[in-house]
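This report concerns only the one structure given below.
The values are calculated or read from the model by the stated rules, or taken from the named source; none is laboratory data. Here the structure is a predicted model, which is why all the values come from computation and not from measurement. All Cβ positions, glycine included, derive from the backbone under ideal geometry; neighbour counts span all protein chains shown.
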Amino acid sequence: MSSHWRKSSFSAEGDCLEWAMGPSSVRLRDSKDPTGPQLVLNHSEWAAFIAGIKHGEADLPSERGRWSPQAKVDGVCSVRHRDD
């Protein structure tokens, strides 16, 4: 059975994290290497991962040391957060 892989609408073509939701797990992979290794999380782990993202745990500091509303990792993948 083939998986329906998704990625952020903020990502450029073919260069970001993709995920596929299954009945008991969520699989993550690098979109540049679709046949490469995958990280498999159960639904509780996925929920904790998403909660951390929403709470800014993956935000990157800007050049001035403040949190940036949009930053790039190695010029590839956009990371955004909301200002509270």
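Pairs meeting the criteria (first residue in region 40-62 and in contact (Cβ under 8 Å) with a residue 12 or more places away in the chain, second residue part of a helix (DSSP H, G or I), beta carbons under 8 Å, at least 6 apart or on different chains) are Leu41/Phe49; Ala58/Gly52.
Restricting attention to region 27-51, and to residues there that are small (Gly, Ala, Ser) and closer than 18 Å to Cys16 by Cα, which single residue is surrounded by the fewest Cβ atoms within 10 Å (Cβ to Cβ)?
In this case the residue turns out to be Gly36.
Within region 50-60, the set of residues being at pLDDT 90 or above and either in contact with an Asp or Glu (Cβ under 8 Å, 6 or more places away or on another chain) or within 15 Å of Lys7 (Cβ to Cβ) (or both) comprises just one member, Ile50.
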